[in-house]
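Derivation of every value follows stated rules applied to the coordinates shown; laboratory data play no part. Model, not experiment: these values are computed from the prediction. Counting neighbours? That spans all protein chains shown, and the Cβs are built from the backbone with ideal geometry, glycine included.
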Amino acid sequence: MGKIAAPDEVLYHIGISAQMIKGAKYALLPGDPGRVEALAKALGPAEPVGCHREYTSWLSQVEGEAVLVCSTGMGGPSVAIGMEELACIGIENFIRVGTTGSIQEKVALGDIVINKAAVRLDGTSQHYAPTAFPAVASLELTYALQQAAKDLEVPYHTGISVSSDTFWPGQERYDSFTGYVRKTLQGSLKEWQALGALNYEMETATLFVVAQSFGLKAASICGVVAKRTDSEQVAPADTYRLASERFQLVAKRALQDLIKAGK
Ligand code: URA
């Protein structure tokens, strides 16, 4: 067991306390603060609990249990800061819900990707465990997400993410300010494809390694908004809407099932 904050202590970065989250053990973690309210309301009756920096928090109810929805902003550093403080106020299960770029032909725009592991192309997780340490998801949470996607007949894929600190060079995108990708990253997209990785995103490796280092659980579900076998561009808003509707539905069903099962 790690450090537990006093019930009324408002934590410095996330701006919320243990008593504000009413015993919530699960947190859904979107990157985008703008997605929090809709996500919380889609889960059940919801109320805002805090808004500080990139951490916008709403509390919702699933099967009579409080569930926190808290944004993390983009990338590993803010994920880890959020997780440190969320763990101190009692969160034990972290489920990232976000967007991703597919790198395999079979993973279509709007599909769901459930990541069972991640390539650690981030810097933050290096501060928690050496590079040889794997970034892996909780089997229990991942299975619940898979089962929910199956039950809801949402097209989904399970596999490995490449979690990069950068949207451009780390994901071998050339449509950047300079158009330059450093030598060591040139050809990396092809290599990840050959190794069967499914997608690029920016948070999952940090999430998995930090959760494991805490002895807590994490899982990750993303909607595909870019298809890198076709283009470097992010798809238009209707694809984004479809992808978010799907990860919202799947995450809700998985939470219902987990909480009903007393997990
Ligand atoms: N998020 C990413 O990190 N990459 C993409 O291509 C799309 C979403």
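Things to note:
- Counting 0.36 nm for each residue step from Ala194 to Lys3 and taking away their Cα separation leaves a gain of 64.5 nm.
- Sorted fewest first by neighbouring Cβ atoms within 10 angstrom, Leu86, Leu43, Leu242 come out as Leu242, Leu43, Leu86.
- Overall form of segment 20-91 per C-alpha gyration tensor (a/c, 1.5; a/b vs b/c): oblate
- Rel. contact order, % - alpha carbon contacts under 8 angstrom, at least six apart, segment 124-263: 33 percent
- In summary, the aspartates and glutamates within cross-link reach of Lys22, defined as a Cα separation below 17 angstrom excluding same-chain residues under 8 places away, comprise Asp8, Glu9, Glu47, Glu63, Glu65, Glu85, Glu92.
- Cross-link partners of Lys190 among lysines (Cα-Cα below 25 Å; sequence separation of 8 or more within a chain): Lys106, Lys116, Lys227
- Distance between segment 12-60 and segment 206-263 - C-alpha centres, whole angstrom: 16 Å
- Using θ = phi - 60° in the Karplus curve 6.51 cos²θ - 1.76 cosθ + 1.60, the 3J(HN,Hα) couplings for segment 249-259 round to 4, 5, 4, 5, 4, 4, 5, 4, 5, 5, 5 Hz; x is entered for Gly and Pro.
- Taking amide hydrogens as placed 1.01 Å from N in the peptide plane, the amide H of Gln61 sits under 5 Å from those of Gly44, Val67, each at least 5 positions away in sequence or on another chain.
- For the chain, the longest principal axis of the Cα atoms and the long axis of helix 204-214 meet at an angle of about 40 degrees.
- The distance between label points at Ala129 and Thr178 comes to 3.3 nm (points 7 Å beyond Cα on the Cα→Cβ vector).
- Among Ser176, Ala211, Ser188 the positive-end extreme of the charge dipole of the chain (Cβ point charges): Ser188
- Structure-based [θ]222 nm, the chain - -39500 (n - 2.57) summed over DSSP H runs of at least 4, per residue, nearest 500: -9000 deg cm²/dmol
- J(HN,Hα) series, segment 146-157, from Karplus relation 6.51 cos²θ - 1.76 cosθ + 1.60, nearest Hz, glycine and proline x: 4, 4, 5, 4, 4, 4, 8, 6, 8, x, 9, 9
- Whole-Hz couplings from phi, Karplus 6.51/-1.76/1.60, listed for segment 89-94; x for Gly and Pro: 9, x, 6, 10, 10, 10
- Here Ser231 and Tyr12 are evaluated by their C-beta separation; at R0 = 45 Å the FRET efficiency comes out at 0.65.
- Cα gyration tensor shape for the chain, rounded if a/c is under 1.5, else prolate or oblate: prolate
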